[in-house]
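**Student:** Here's a structure for you.
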Amino acid sequence: MEQAESYGSTPPPSGGSTTGNSAPLPPAKQTTSSLQPDANGNSIMLTGQSGPRRPAHYGLDIQFDDRPDDPEMGRLVESTVWINRAHPAYRRALASRSIGYHIALAVALALAPLAVESAHEHGFVTTFLSRWGEALDKPSGRKKSAH
């Protein structure tokens with residue numbers, strides 16, 4: 001039986017449960033239009049939303065499930081990396097208090113085949129883990145809420 005633990009809002013691929021919070025969508029902005037000349041001097045109609053622009057958010061969810069017969073530490077399904085809690089390395093990481101490193105490694109291994117050609121996967125994983133480690137040295141751009 002598959003059990004899932006959620007660190008995002010993507011539903012599990014095979015009917016497991018998640019415990020993520022989905023933020024409601026903001027109300028729609030009014031559409032505006034304006035005439036702008038193109039490269040040939042012809043007018044073209046540009047439409048857009050009024051109000052402040054927000055940057056696009058591309059997210060990757062990390063969730064956990066148990067797949068005792070799967071030799072992989074993690075797998076990518078759409079925009080979710082599923083970490084295999086039944087993998088012996090996961091259990092070892094829990095025992096040695098190195099679960100964060102295990103998750104980073106599993107994510108890197110799951111993303112590598114999609115990110116680069118197979119000949120460059122090792123380099124991708126190495127760079128991914130280096131950048132993950134360097135994140136400790138940089139100030140966080142996110143504000144932490146006091147609870």
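**Student:** Please compute P(r) over all alpha-carbon pairs of segment 61-135, binned at 10 Å starting from zero, and give each bin as a whole-number percent.
**Tutor:** Distribution as computed: 20, 50, 29, 1 percent.
**Student:** Right, another one. Take each of the peptides 102-112, 118-128, 66-76, 81-91, average the number of other beta-carbon atoms within 10 Å over its residues, and list them starting from the highest.
**Tutor:** Top to bottom by mean Cβ count within 10 Å: 102-112, 81-91, 66-76, 118-128.
**Student:** Further question on the same structure: Kindly state, to the nearest 0.05, the FRET efficiency for Thr126 paired with Arg54, given R0 = 30 Å and r defined as their beta-carbon distance. Mind dumping the intermediate values first?
**Tutor:** Values: r = 34 Å, r/R0 = 1.13.
With a Förster radius of 30 Å, E is 0.35.
**Student:** Compute the length gained on full extension between Ala119 and Asp137: take 0.36 nm times their separation in residues and subtract their Cα-Cα distance, giving the result in nm to one decimal.
**Tutor:** Value of the extension gain: 3.5 nm.
Bear in mind that the values in this text are calculations on the coordinates, not laboratory data. Note that the coordinates shown come from a computational prediction; the quantities given were computed from them, not determined experimentally. Using ideal geometry, Cβ is built from the backbone for each residue, glycine included, and neighbour counts are taken over all protein chains shown.
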